1. Against the definition (of a type in the set (S, T, N, Q) and out of contact with any Lys or Arg (no Cβ under 7 Å at 6 or more places or on another chain)), how does T224 come out, yes or no?
2. Applying the selection to segment 192-212, what residues are in a loop (DSSP other than H, G, I, E, B) and open to solvent by 40 Å² or more (accessible area, probe 1.4 Å)?
3. Check every one of the strands (runs of 3 or more DSSP E) wholly within segment 105-162 and list those with 2 or more residues that are closer than 24 Å to K76 by Cα and within 16 Å of the chain's Cα centre (by Cα).
4. Just to be sure, is K76 among the basic types (K, R) and modelled with pLDDT of 95 or more?
5. Could you pull out the residue among G188, G165 that is assigned to a loop (DSSP other than H, G, I, E, B), free of Cβ contacts under 8 Å to residues at least 12 places away in the same chain and within 29 Å of A244 (Cα to Cα)?
6. I'd like the full set of residues that are small (G, A, S), open to solvent by less than 60 Å² (accessible area, probe 1.4 Å) and in contact with a helix residue (DSSP H, G or I) (Cβ under 8 Å, 6 or more places away or on another chain), limited to segment 237-250.
7. Inside segment 154-172, can you point out the residues that are open to solvent by 10 Å² or more (accessible area, probe 1.4 Å) and either at pLDDT below 95 or hydrophobic (A, V, I, L, M, F, W, C) (or both)?
8. For R217, are the conditions met, namely being closer than 19 Å to L111 by Cα and open to solvent by 40 Å² or more (accessible area, probe 1.4 Å)?
Amino acid sequence: MKTGLVLEGGALRGLFTAGVLDVFMEAGLVFDGAVGVSAGACFGCNYKSRQPGRVIRYNLKYARDPRYCSWTSLLKTGDLFNADFCYRELPLELDPFDSAAYEANPMAFHLSVTDCETGRPVYKRLDRADETMLRWVQASASMPLVARPVEIEGRAYLDGGLSDGIPLAYFESLGYARNVVITTRPRGYRKFPSWKIALLKPFLRRYPAVYRALATRHAWYNETLAYIDRQVSAGSALLICPEAPLPISRVCHDPATMQRVYDLGRETAKRILPQVKSFLENVLLIEPRAQQECVQP
């Protein structure tokens, strides 16, 4: 029975997830696979490369650097989070991503993006830590209006959170039967339709399917949350989330606020760690019995 990590996005709300994951790494928790969306992909890939502390380190260091995230970057490049800085200079030169460790780790890492032509989710398993992998990660975190679509192999992609923000069902379809799900909204949160979405329609004329995905996002997102609740009740999923709305916006330049959200993730993980270990250990106890039953005549 395979165990999985399912990581929601939320831009800098994802620092909560980074705090949880760092505690997991320090505790030596091993999963068979992980799937991340948007910030969940950007930060979650560090679990496979086994680099605790890296996410909070570079976010604090470059919090006020206009090359990292700024309206100047948006005006000059079309990306609020500067693509060249975030997906080349930072991981390759300034705070190197450990590609060798990533590729040596047998844990499978997946992410989701949204196909601009269809508005549907596309899932990708990334075994190699190379330029193409960084392009997929960039695409998974590219929100409309504040980022350009990312072209890969002749198709254009945007943020995976537009079409499948918490891909638990996808991971279950791959055989990950017991999953730890980390969200960046408190339990009980629900999305509501917003009139503001209509304002985006003129800017998405080229990609009407993306607009439709945005317009219906609240409905499928709430269905996903209800599905997660059912899986938690059934014992096949364990949900980790903040107890209250995180005190940070999607974009933040204040290192103290970033640290606070990261620390909330660490505190939550430490508190729930015994439960997570029990959840994973039960897999090891259940699996041999299941295998034995399979060979009985």
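1. The answer is yes for T224.
2. Matches in segment 192-212: F192, P193, S194, R205, R206.
3. So the answer is 155-159.
4. Against the criterion (among the basic types (K, R) and modelled with pLDDT of 95 or more), K76 does not qualify.
5. Checking each option against the conditions leaves just G188.
6. Across segment 237-250, the qualifying residue is only A237.
7. A156, A169, listed by residue number.
8. Considered against the rule, which asks whether it is closer than 19 Å to L111 by Cα and open to solvent by 40 Å² or more (accessible area, probe 1.4 Å), R217 comes out as yes.
The values are calculated or read from the model by the stated rules, or taken from the named source; none is laboratory data. This one's a predicted model, so the numbers in the text were calculated from it and none came from an experiment. Cβ atoms come from the backbone with ideal geometry, glycine included; neighbour counts cover every protein chain shown. What goes into the accessible areas is simple: the full protein's heavy atoms, side chains included, and nothing from ligands, DNA or RNA. Shrake-Rupley method; radii C 1.70, N 1.55, O 1.52, S 1.80 Å.
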